[in-house]
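See structure below.
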Amino acid sequence: MNDSEATATGIEKFGSVGLILAMGKVEYNDEQRTFQKWHEAIKGGKSKYELERIKRGAWSRLRKTEFNLEQISFIKIDDNVLIKCGSFQRDFRNSNGRPRREKVLLDLEKLDEEIVYFLDFKIHYE
């Protein structure tokens with residue numbers, strides 16, 4: 001989810017914030033990374049961020065190539081949700097190399113009444 005500080009500010013100002021969450025099955029690039037190679041060629045080569053990542057010895061994530069929507073959830077986030085769920089991505093970096101702010105860790109297994117409404121699309125595919 002969004003950065004923890006921005007979410008906490010929104011909750012402080014408005015009492016809660018909302019999140020619309022799309023969930024589904026994801027297909028990733030194959031082991032030869034053909035999609036990634038195609039995309040790199042289309043954009044004219046490796047980006048500055050990619051070159052810096054290689055220099056740092058950081059791993060390269062697989063790219064998503066397909067997403068099949070299964071459910072949309074509408075979630076109300078308040079201080080109680082922040083306490084239940086915590087945060088993550090401490091010491092991560094953005095594409096420009098600057099430090100990334102911590103993000104809210106939204107554990108759906110810990111939420112119940114916070115999920116205000118959901119639409120289930122799986123029944124239409126099966």
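Based on C-alpha pairs under 8 angstrom that are at least 6 apart in sequence, the chain has a relative contact order of 35 percent. Every helix of 4 or more DSSP H residues in the chain counts as -39500 (n - 2.57), and over all residues that averages to -8500 deg cm²/dmol at 222 nm.
The count of lysine pairs in the chain whose Cα atoms are under 15 Å apart, excluding pairs fewer than 8 places apart on the same chain, comes to 10.
For Kirkwood radius over Cα pairs in Å, the value computed from the atomic coordinates appears in the list (1) 14.6; (2) 16.5; (3) 17.5 under label (3). Charging the Cβ of each Asp and Glu at -1 and of each Lys and Arg at +1, and nothing else, the dipole of the chain about its Cα centre rounds to 1060 debye.
Any read-out appearing in this document is the output of simple, stated calculations on the displayed coordinates, not a laboratory observation. From a predicted model like this one, the values you see are computed outputs, not experimental measurements. Note that each Cβ is placed from the backbone with ideal geometry, even for glycine, and that neighbours are counted across all protein chains shown.
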